[in-house]
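Here is the structure we will look at, set down as structure tokens.
The values are calculated or read from the model by the stated rules, or taken from the named source; none is laboratory data. No experiment lies behind these values; they were computed from the predicted model shown. Cβ: placed from backbone, ideal geometry, glycine included. Neighbour counts: every protein chain shown.
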Amino acid sequence: MSLVNETPQWKALQAHWEAMKTVRMQDLFADDPGRAKAMTMEVAGLRLDYSKNLVTQETLDRLVELAEAVDLQGWIRRMFEGESINNTEGRAVLHIALRNRSNRSILVDGEDVMPEINRVLARMESFVGRVRSGDWRGYTGERITDVVNIGIGGSNLGPKMICAALAPYQSENLRVHFVSNVDGTHLVETVRPLDPATTLFIVASKTFTTQETMTNAASARDWLLTALGDQAAVARHFVAVSTNAEKVAAFGIDTANMFGFWDWVGGRYSLWSAIGLPIALAVGFDRFLELLDGAHAMDEHFRSADLRENMPALMGLIGLWYANFAGARTHAVLPYDQSLRFLPAYLQQGDMESNGKGVTREGVAVDYSTGPVVWGEPGTDGQHAFYQLIHQGTQMIPADFIGAIHSHNELGDHHPKFMANFFAQTEALMRGRTHDEAQAEMLGSGMTEEKARLLAPHRTFPGNRPTNSILMDSLTPQTLGALVAFYEHRIFTQGIVWGINSFDQWGVELGKKLANVILDEIKKGKVTADHDPSTRALLDYFIQHRGA
Ligand code: F6P
């Protein structure tokens, strides 16, 4: 099978970029007074303005032709119908089933997955109700006040991001904490202020073999048992979320307290499954369902809208336009919402673990860029850190700005100030400032001609830097669900066009394997394996200064 960059549609886009690369966005607005309106759409409570992109209607037509050439719509259908599209692991990709609020049947190997999904949801509802009402008590009979989720990657980033984002909806009687890093500091500092008698641990691991999670879980169990002194306490203070009942039982958690999910849920797509248990505990089960509702609304749009009107597909294609034709290497996610502070980190896994691949589904090496580096920080912190490079650096960095009309914390004029910065940044990035404008401004403020001449290049902004603006009325479980699903489908779209499998993650294997060899050497205090000279010297130094 040929690579996508050999298709006529790709080559047409290459030629089109040659024509577009000198186009100024401001001229596009001047030529078409209806541009902002035509390039704004609303889906599932999200309003997206994508007019500040270096694209014309022709660009979009050509991008959609590329998507059609790789049968994007066929792949969308195959995902929603439960086909085994994760070909290297032989699995379906069905996070969309977890939030299938229509309850339409979805078959995997001829069996409808919805009854099982609904059964686990019902168990979650009952458990969440018991913990939140105080019916579920700790070993000493006290009410649970703190929940500690122990997990890493997809078993941490999603629930952690959502819990922070929905903080205004959280119960004050139940605090939720997250421990992921195997650095002992993470666990020690998290549990230090907690009372073992009122703490519930969720051990969240799809495989229940992940070194970091199992190490943290074992230390958490020791902490609990040191305080409560009876093995029987584990059953009241530990629950598990996993696909691996055998390992859960071996760890000592009663499988009656295990919430299952399935191999067709990828770790980085799992917050909608029982991995979302900490979310439901924090904000209540009904709010968790609202989160699923929001995601489902975006799913329905993605599944049924024409590509030309399809929000995630269009955004995926525009991202690809920059990555493959304009040479962009990174993509910035800039939430103007403090409670979305973990969204960039969440999307780093979502996007980079999905699309950081160098071979096609068939194993052929690609010779075009795939997943960009995804990064970001909430505004306005980012403005005072790295926006300098976005405005005046030598790279093009396409950026998504995300904000709400109403804040959950309307304090004086904070929110208008905050959002004024959002709008100002997107305008400045597009408009820039010419050399003459910079010089005139300085002369106007009384600067000498010589100084103005010297400073003008430094105060010139090239502009023409692309941004998307995503607005919502307020950050609710629904709009948040829609936002996350939007990004998932954006990732899907790009993976399909690149011809890669976005749903495996073999790239994390090698380091894990070597770490086990090295751990053994550190424990024995002797370097035995065949390492390169640098690694050997580092290990020798570590062992020498620390002891076995
Ligand atoms: O980092 C690799 C990875 O497999 C991720 O894909 C996954 O989210 C994470 O590890 C955690 O895996 P598990 O839930 O099995 O502990």
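Out of the range 356-376, which residues are of a type outside the set (Lys, Arg), within 16 Å of the ligand (Cβ to nearest atom) and farther than 20 Å from LEU334 by Cα?
Within the range 356-376, GLY356 is the sole residue that qualifies.
Please give the helices (runs of 4 or more DSSP H) falling wholly within the range 438-548 in which 2 or more residues are out of contact with any strand residue (DSSP E or B) (no Cβ under 9 Å at 6 or more places or on another chain) and within 16 Å of the ligand (Cβ to nearest atom).
Result: 477-498, 509-524.
Name the single residue that is nearest to the chain's Cα centre (by Cα) among those in the range 1-41 being within 30 Å of ARG361 (Cα to Cα) and not in a helix (DSSP H, G or I).
LEU3
Condition first: more than 16 Å from the ligand (Cβ to nearest atom) and either free of Cβ contacts under 8 Å to residues at least 60 places away in the same chain or of a type in the set (D, E, K, R) (or both). Now tell me which residues in the range 185-218 satisfy that.
Those that are more than 16 Å from the ligand (Cβ to nearest atom) and either free of Cβ contacts under 8 Å to residues at least 60 places away in the same chain or of a type in the set (D, E, K, R) (or both): THR185, VAL188, GLU189, THR190, VAL191, ARG192, PRO193, LEU194, ASP195, PRO196, ALA197.
So, in the range 490-543, how many residues would count as being of a type in the set (D, E, K, R) and within 29 Å of ASN468 (Cα to Cα)?
Residues in the range 490-543 being of a type in the set (D, E, K, R) and within 29 Å of ASN468 (Cα to Cα): 2 in total.
Checking GLY154 against (1) over 20 Å from ARG287 (Cα atoms); (2) more than 16 Å from the chain's Cα centre (by Cα); (3) part of a helix (DSSP H, G or I), only one condition comes out false. Which one?
The failed condition is (2).
Could you grab me the full set of residues in the range 259-278 that are part of a loop (DSSP other than H, G, I, E, B) and either free of Cβ contacts under 8 Å to residues at least 24 places away in the same chain or within 20 Å of LEU174 (Cα to Cα) (or both)?
Once the filter is applied, which keeps residues that are part of a loop (DSSP other than H, G, I, E, B) and either free of Cβ contacts under 8 Å to residues at least 24 places away in the same chain or within 20 Å of LEU174 (Cα to Cα) (or both), the range 259-278 yields only LEU271.
Return a yes/no flag: does the range 212-225 have any residue that is assigned by the TED database to the domain that holds THR145 and either in a strand (DSSP E or B) or acidic (Asp, Glu) (or both).
Looking through the range 212-225, at least one residue is assigned by the TED database to the domain that holds THR145 and either in a strand (DSSP E or B) or acidic (Asp, Glu) (or both).
Could you list, in sequence order, the residues of the range 130-144 that are of a type in the set (Gly, Ala, Ser) and surrounded by 15 or more Cβ atoms within 10 Å (Cβ to Cβ)?
Hit for the range 130-144 is GLY138, nothing else.
Would you point out the residue of the range 1-54, among those that are among the polar types (S, T, N, Q) and within 26 Å of LEU72 (Cα to Cα), that is modelled with the lowest pLDDT?
For the range 1-54, the residue satisfying everything is SER2.
Confirm whether LEU98 is touching a residue at least 12 places away in the same chain (Cβ under 8 Å), within 26 Å of ALA482 (Cα to Cα) and not assigned by the TED database to the domain that holds PHE401.
For LEU98, the condition - touching a residue at least 12 places away in the same chain (Cβ under 8 Å), within 26 Å of ALA482 (Cα to Cα) and not assigned by the TED database to the domain that holds PHE401 - is met.
Inspect all residues belonging to the range 108-121 and state whether any of them is of a type outside the set (A, V, I, L, M), farther than 25 Å from VAL265 by Cβ and either more than 27 Å from the chain's Cα centre (by Cα) or within 16 Å of the ligand (Cβ to nearest atom) (or both).
There is no residue in the range 108-121 that is of a type outside the set (A, V, I, L, M), farther than 25 Å from VAL265 by Cβ and either more than 27 Å from the chain's Cα centre (by Cα) or within 16 Å of the ligand (Cβ to nearest atom) (or both).
If the requirement is being within 15 Å of THR207 (Cα to Cα) and within 18 Å of the chain's Cα centre (by Cα), which of these qualifies: SER242, SER273?
Of SER242, SER273, the one residue that is within 15 Å of THR207 (Cα to Cα) and within 18 Å of the chain's Cα centre (by Cα) is SER273.
Answer with yes or no whether PRO457 is over 34 Å from the mean Cα position of the chain (by Cα) and more than 25 Å from PHE29 (Cβ to Cβ).
It is true that PRO457 is over 34 Å from the mean Cα position of the chain (by Cα) and more than 25 Å from PHE29 (Cβ to Cβ).
Sort through PRO159, PRO193 and tell me the only one that's out of contact with any His (no Cβ under 6 Å at 6 or more places or on another chain), modelled with pLDDT of 95 or more and assigned to a helix (DSSP H, G or I).
The unique qualifying residue is PRO159.
Being closer than 21 Å to ALA256 by Cβ and either buried (at least 23 other Cβ atoms within 10 Å of the Cβ) or free of Cβ contacts under 8 Å to residues at least 60 places away in the same chain (or both) is true for just one of ALA122, ALA165. Which residue is that?
ALA122
From the residues in the range 455-479 that are more than 27 Å from TRP321 (Cβ to Cβ) and among the hydrophobic types (A, V, I, L, M, F, W, C), which one is surrounded by the fewest Cβ atoms within 10 Å (Cβ to Cβ)?
LEU455
Exactly one condition in (1) free of Cβ contacts under 8 Å to residues at least 60 places away in the same chain; (2) crowded, with 21+ Cβ neighbours inside 10 Å; (3) more than 18 Å from ARG268 (Cα to Cα) is not met by VAL179; state its number.
VAL179 satisfies every listed condition except (3).
Name the pairs: first residue in the range 143-160 and within 11 Å of the ligand (Cβ to nearest atom), second residue assigned to a helix (DSSP H, G or I) and of a type in the set (Ser, Thr, Tyr), Cβ to Cβ under 6 Å, at least 6 apart or on different chains?
ILE150/THR213; GLY151/THR213; ILE152/THR213; LEU157/TYR346
Of the residues ALA249, ALA235, only one is part of a helix (DSSP H, G or I), surrounded by fewer than 21 Cβ atoms within 10 Å (Cβ to Cβ) and free of Cβ contacts under 8 Å to residues at least 12 places away in the same chain; which?
Only one candidate qualifies: ALA249.
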